[in-house]
Amino acid sequence: MNNSINYKSMKVIKITSLCVFMFLGLVARAQDVNLDTYKFGEGLNFSTDDGYKLKITGFLQPYMDSKTYTEVDENSSQNRFRMRRIRLRLEGNLKDERFKYRFAFDLSGTSEAGDTETSEYLLDAYVSYDITSRIKATFGQRSTFTDNRELFMASNTLQLVERSRLTSAFAAIREFGLFLQGNFKTGKGSYIKPYFVLTNGDGLNAIGKDRGGLKIGGRIDYLPFGLFTNKGQFKQADVMRETAPKLVIGANFSHNNGMSSRRGRANGTILYLDANDEESLPDYTKYGIDFLFKFKGFSALGEFVKTTAIVPEDITQRIRNNGTTSTNFEVNGIQDVDSYVRGRMMLGEAYNIQAGYLFKNGISIDGRYTRLNADENSFLNNATFYNRPNYYTIGISKYLSRSYGAKIQADWTYIDGSQGINDNNSMPIPGNEHLLRIMLTFAF
């Protein structure tokens, strides 16, 4: 990590800490601020006599992993220790309870997604308004509804140590824009939840010039057996041990008009020009289906995602990382603009299926299988970060409280490297990979 990132990290930590301590100081001095409830792992809830409310939650996750290869000397294993996440979230509502807000930070300062590592401090920053009791509008930066279902779930509630490779390959994660969501009760206790999204299509808040056009999308969820207990639809393991079967099934779709990155997670990282030196960017479409089921400690999650692209025919140049331009679009020795552009995007399909059982003693046994099918021209064929079609994971967790407040997790993943893979230094390696991960979670 370079000095600029260290400086930014310290600055964010200082600002965030100052805001929290200032608020706590005001709480301590104010006569009309009350601590309403506190449950370990689910945060502190404050309110005032005037009707204002604030909830403070947070968690930290110390983490280690060890990667080895089946046909390489064991001394070549790669070990890593780090603070995976340090999250702090403040949310609440005004005197008029229809107005709500949320701020969320990650004080660890880094977020990895397989092929990228970025400094992400500000996670959520938005305001929302309840148009009716069933329709809500949100404006700002937040997790997007057009990703796969796993992205609906908080990082401290995951069954396994990390999210699946389907998520890291295709998810935009967070975006800035307008979000609409509904919650409608239908016959026999079932619910339909529609979502609509209109964003800039560039992932997290874009500080510089906005590239390309807008991203539009949506999702629709159906809950045939009613709502999950304690918002369990947005948490993975069945900590609440649902006494009746709970199921949500959904479908999502999005179209990014002019994308300047691999999957719409960043702004301006991959740019192309036409003969007039004007930007000409590919369109990116994503759609999928998914489900979540819970009953008496058992939970199952299934997801499918497919992506396609439209490459403009007028592209004549590409912009290198150093800002210079090039007219070279060679693929396998042949000048092919369409194949070259597609080869830098996340194109293909994937499915993920996982399930687990949480015993009453707090021990959870979980398993997962993830399959990635890359298009002929796709960054999913990159041997350093992807080109691994099959992932098999088994895990065990110990919940130290009857909530998501504290737990110890370990999992092991067998990764198929039969198509030819590289190590982290882009050097070819034979065989397959083994990945062992251990993580602790402590929340307040």
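When the chain is treated as a GNM, springs tying every alpha-carbon pair under 10 Å, which of D202, D411, D36 comes out with the largest mean-square fluctuation?
Of D202, D411, D36, the most mobile in the Gaussian network model is D36.
To the nearest Å, what is the center-to-center distance of the range 152-168 and the range 318-381, using C-alpha atoms only?
17
With +1 assigned to the C-beta of every Lys and Arg and -1 to the C-beta of every Asp and Glu, and no other charges, what is the dipole magnitude of the chain about the Cα centre in debye, to the nearest 20? Mind dumping the intermediate values first?
Details: 55 positive and 48 negative charges, 419 e Å.
I would put it at about 2020 debye.
Per residue of the chain, what 222 nm ellipticity follows from adding -39500 (n - 2.57) for every DSSP H run with n ≥ 4, rounded to the nearest 500?
Computed mean residue ellipticity for the chain: -3000 deg cm²/dmol.
For the chain, what are Rg and Dmax over the alpha carbons, in angstrom?
22.7, 74
Which distance in nm do the two modelled labels at S426 and W412 give, with both placed 7 Å along the Cα-to-Cβ direction?
Inter-label distance under the simple model: 3.3 nm.
Whole-Hz Karplus ³J(HN,Hα) for the range 390-403, in order, using 6.51 cos²θ - 1.76 cosθ + 1.60 and θ = phi - 60°, x for Gly and Pro?
After applying 6.51 cos²θ - 1.76 cosθ + 1.60, I find 10, 10, 10, 10, 10, x, 9, 10, 10, 7, 8, 8, 7, 6 Hz.
Taking only Cα atoms and a 10 Å spring cutoff, compute GNM fluctuations for the chain and point out the largest among T324, T146, T384.
Judging by the Gaussian network model, the answer is T324.
Which lysines does K193 reach when only Cα atoms under 21 Å apart count, and residues fewer than 8 places away in its own chain are ignored?
Cross-link targets: K100, K136, K185, K215, K231, K235, K246, K286, K294.
For the chain, modelled as a GNM with alpha-carbon contacts under 10 angstrom, which of K231, K215, K286 fluctuates the most?
Of the options given, K231 has the highest mean-square fluctuation.
Of P428, Y287, Y195, which is farthest towards the positive pole of the chain's charge dipole, taken about the Cα centre with +1 and -1 on the beta-carbons of Lys, Arg and Asp, Glu respectively?
Y195
In straight Cα distance, which aspartates and glutamates are under 16 Å from K53, not counting same-chain residues fewer than 8 positions off?
Result set, ordered by chain and number: D32, D36, E42, E91, D96, E97, D130.
No value in this document is a laboratory result; all are computed from the given coordinates. These figures come from a predicted structure and were not determined experimentally. Because the Cβ atoms are built from the backbone with ideal geometry, glycine has one as well, and the counts that use them run over all protein chains shown.
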